[in-house]
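Enquirer: After the structure tokens below, expect a handful of questions from me.
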Amino acid sequence: MEGYAPLESLLDHRFADPVLCETALTHKSWLNEQPPTGARTDNERLEFLGDAVLALVVSDLLMRRFPQRSEGELSKARAAIVSEAGLERLADGLNLGQWIFLGRGEEQAGGRRKASILSNAFEALLGAVFLDGGFEAAHRVIQRLVEARLDEADSAARLDFKSRLQERSQAMLQATPQYTVVREQGPDHNKTFEVAIFLGGKERGRAAGKSKKEAEQNAAAQALAALEDLPPPSNRR
């Protein structure tokens, strides 16, 4: 399958069955414009398989890399990698858009740059590798492609202070954080927002940011630090 040699080189996998690779790259819009021969299928079944294989391998890699992380932190890190945006980045690294078989309409609509098409084709390609070479081959390919993303995804998960505060406040106080914008300053193009967090009617954190989301995250970080200073629930009256 010399035509796909550059893609195989990026994957570091040579397909024993070229039809699997071709199927993984076939979008349903292309088939809809071909004579009904029934000899070729689209990539949706391979996408289904690749999604499961990818989730398993990424879970394995994250658990090995971060043995002290909680299930919640590992789940958030995995979600960052296997999200549509995360898979689009990985697909771009393979220049995958140029290889996909698209119908004329989808081509004209910019399908080669669509995140959904790229992410689905990426998963389908991993499903094809799994069927072609087994789990060991799929694990090797996925590890090679996502290795550089693991630390980045872990950092993003741990910096999601709002989610962590939600979990911690429910466990410690049986309360849900309430975020309130207490001040807005500056012109529309350069505003600063100040947000306060209340738990059980008591303010637990207050911080500013260039957006409401940034201010909320900064305030949540403060609230988390404040909760760390509280005694365990069994010692509070």
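Enquirer: Restricting to region 103-133, name every residue that is modelled with pLDDT under 95, in a helix (DSSP H, G or I) and of a type in the set (D, E, K, R).
Expert: R104, E106, E107, R112, R113, listed by residue number.
Enquirer: Restricting to region 91-131, and then to whatever is among the polar types (S, T, N, Q) and over 12 Å from E47 (Cβ atoms), can you tell me which residue is farthest from the chain's Cα centre (by Cα)?
Expert: Q108
Residue-wise test of (1) farther than 14 Å from K162 by Cβ; (2) assigned to a helix (DSSP H, G or I); (3) of a type in the set (G, A, S).
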{"residue": "V195", "(1), (2), (3)": "no, no, no"}
{"residue": "R204", "(1), (2), (3)": "no, no, no"}
{"residue": "A207", "(1), (2), (3)": "no, no, yes"}
{"residue": "E216", "(1), (2), (3)": "no, yes, no"}
{"residue": "A219", "(1), (2), (3)": "no, yes, yes"}
{"residue": "A226", "(1), (2), (3)": "yes, yes, yes"}
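Enquirer: Condition test on E147, is it in a helix (DSSP H, G or I) and closer than 25 Å to A5 by Cα? Before you say what the answer is, go through the steps one by one.
Expert: Details: in a helix (DSSP H, G or I): yes; closer than 25 Å to A5 by Cα: yes.
When the stated conditions are applied, E147 passes them.
Enquirer: When the residues of region 1-17 are filtered to those that are in a helix (DSSP H, G or I) and more than 29 Å from the chain's Cα centre (by Cα), which remaining residue is surrounded by the most Cβ atoms within 10 Å (Cβ to Cβ)? Break it down into steps so the answer makes sense when it comes.
Expert: Taking region 1-17 first, the residues in a helix (DSSP H, G or I) are 2-11.
Add one more test, that the residue is more than 29 Å from the chain's Cα centre (by Cα), and what stays is 2-3.
On the way: E2: 7, G3: 11.
Among those residues, the one meeting the criterion is G3.
Enquirer: Now a separate question. Answer yes if at least one residue in region 35-45 is assigned to a helix (DSSP H, G or I) and touching a Gly at 6+ places or on another chain (Cβ under 6 Å), and no otherwise. Walk me through it before giving the result.
Expert: Step one: filter region 35-45 for residues assigned to a helix (DSSP H, G or I), giving 44-45.
From the residues that got through so far, the ones that are touching a Gly at 6+ places or on another chain (Cβ under 6 Å) too are none.
No, there is no match, as no residue in region 35-45 is assigned to a helix (DSSP H, G or I) and touching a Gly at 6+ places or on another chain (Cβ under 6 Å).
Enquirer: Out of A148, A219, I need the residue that is modelled with pLDDT of 85 or more, closer than 27 Å to R78 by Cβ and surrounded by fewer than 16 Cβ atoms within 10 Å (Cβ to Cβ). Which one?
Expert: Numbers: A219 fails: surrounded by fewer than 16 Cβ atoms within 10 Å (Cβ to Cβ).
The unique qualifying residue is A148.
Enquirer: On to the next question. Hey, among R237, R158, which residue is among the basic types (K, R), modelled with pLDDT under 85 and closer than 21 Å to A79 by Cβ?
Expert: On the way: R237 fails: closer than 21 Å to A79 by Cβ.
Answer to the selection: R158.
Enquirer: Same structure, new question: So is E88 within 18 Å of the chain's Cα centre (by Cα), within 24 Å of P6 (Cβ to Cβ) and crowded, with 19+ Cβ neighbours inside 10 Å or not? Give the derivation first.
Expert: Numbers: within 18 Å of the chain's Cα centre (by Cα): yes; within 24 Å of P6 (Cβ to Cβ): yes; crowded, with 19+ Cβ neighbours inside 10 Å: yes.
It is true that E88 is within 18 Å of the chain's Cα centre (by Cα), within 24 Å of P6 (Cβ to Cβ) and crowded, with 19+ Cβ neighbours inside 10 Å.
Let's see how each residue does on (1) over 17 Å from the mean Cα position of the chain (by Cα); (2) farther than 16 Å from F101 by Cα; (3) buried (at least 20 other Cβ atoms within 10 Å of the Cβ):
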residue: A24; (1), (2), (3): yes, no, yes
residue: F48; (1), (2), (3): no, yes, no
residue: V53; (1), (2), (3): no, yes, yes
residue: R64; (1), (2), (3): yes, yes, no
residue: E71; (1), (2), (3): no, yes, no
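The values are calculated or read from the model by the stated rules, or taken from the named source; none is laboratory data. On a predicted model such as this, the values are computed, not experimentally measured, just so you know. Virtual Cβ from ideal backbone geometry, glycine too; neighbours counted across all protein chains shown.
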